[in-house]
Amino acid sequence: MKNKFSLIIFLFAIQVFVIQKCIAQNIPDSKDYIPDDLTSNVTIKVNFHFMQHSAIDPRNFTATDDGAGDVSMNAYTYSAGMLQQVNASWASNAAMNLPVGNSTPVLNKKIQFVLKGVYFHIDPVGYKSLNGNLAVNPESEINVFFVGKDFPASNTCADVAVFGVATTWGKYPIVEMNGHWAKYMMCFKNSNNPQATFSDGYITLAHELGHILSLSHTVRQPGGSCDCKSSA
């Protein structure tokens, strides 16, 4: 994760915010908060931003099509499908890969992400970059930026690299999603499997949203790399 120091600071700030919110709601032991049958469901608003190269050559999803003229998929349908898969992923909450003797239970997180808005930004120079200045209501809503990425020189699906980053812009947390439009176009555009269409995206986004809500990786391999199958 890039900018590790900033990430630590923002995770601490988010944790403090959650603790303060729990205290305000009169939840006991809020510092070690664990949802139970009396815990209310929490709704978190999310804004999706699509960075585009130009109106003629967007190199990303648009309001009307997939960026290449196919109206069966656009930024709105992609966003809705992505967040639906994220919520399903969070709801399943599989058991963690824990060491012997650690019996941390599988909990119902009681969190639901809802799509608040979808926004489009044309920037021929900066469409591949994150611009947190474009975030909407960052003090109360999570902003996710789908930045542009060119097709690989090999023009093959296997060479499209995708990744996500949970970071901060100023004092507010934001998420960068990189390479997902190129991955969709080269790997999933002609797929009849909805889950396959969003597979790289929703897994990455579910992971990064966990970091936004102060969850850390549960497993770290020798050398510092993360076992993302067993992480936030």
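The values are calculated or read from the model by the stated rules, or taken from the named source; none is laboratory data. What you are looking at is a predicted structure, and each value in this text was computed from that prediction instead of being measured. Note that we place each Cβ from the backbone using ideal geometry, even for glycine, and neighbour counts take in every protein chain shown. For the accessible areas, the whole protein counts, side chains as well, though only heavy atoms, and no ligand, DNA or RNA atoms are used. Shrake-Rupley method; radii C 1.70, N 1.55, O 1.52, S 1.80 Å.
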Q | With every protein chain in place, region 79-152: carbon and sulfur % of accessible area (1.4 Å) | A | 54
Q. Using θ = phi - 60° and the Karplus form 6.51 cos²θ - 1.76 cosθ + 1.60, what ³J(HN,Hα) does each residue of region 149-166 get, whole Hz, x for Gly and Pro?
A. 8, 6, 5, x, 4, 6, 6, 10, 4, 4, 9, 7, 8, 10, 7, x, 9, 9
**Q.** Share of Cα-Cα pairs in region 46-145 lying beyond 23 Å, as whole percent
**A.** 42
Q: Sort region 94-225 into rounded, prolate or oblate with this rule: let a ≥ b ≥ c be the square roots of the eigenvalues of the Cα gyration tensor; rounded if a/c is under 1.5, and if a/c is not under 1.5, prolate when a/b is larger than b/c, oblate otherwise.
A: oblate
Q | Å² of accessible area per residue within region 50-138, as computed with a 1.4 Å probe and no ligands counted | A | 53
Q: Specify whether the C-alpha gyration tensor of region 98-168 places it in the rounded, prolate or oblate class, a ≥ b ≥ c being the square roots of the eigenvalues: rounded for a/c under 1.5, otherwise prolate if a/b is larger than b/c and oblate if not.
A: oblate
Q: Provide the FRET efficiency to the nearest 0.05 for the residue 102-residue 39 pair, computing r from the beta carbons and using R0 = 30 Å.
A: 0.85
Q: Run the accessible area of region 168-217 with a 1.4 Å probe and give the carbon-and-sulfur part as a rounded percent.
A: 50
Q: Please label the shape of region 132-171 as rounded, prolate or oblate, based on the square roots a ≥ b ≥ c of the eigenvalues of the alpha-carbon gyration tensor (a/c under 1.5 means rounded; beyond that, a/b larger than b/c means prolate, else oblate).
A: prolate
Q: Would you kindly state how much longer the chain becomes between residue 128 and residue 159 on full extension, computed as 0.36 nm times their sequence separation minus their alpha carbon distance, in nm to one decimal?
A: 9.4 nm
Q | Residue order for 185, 96, 177 - accessible surface, 1.4 angstrom probe, largest first | A | 96, 185, 177
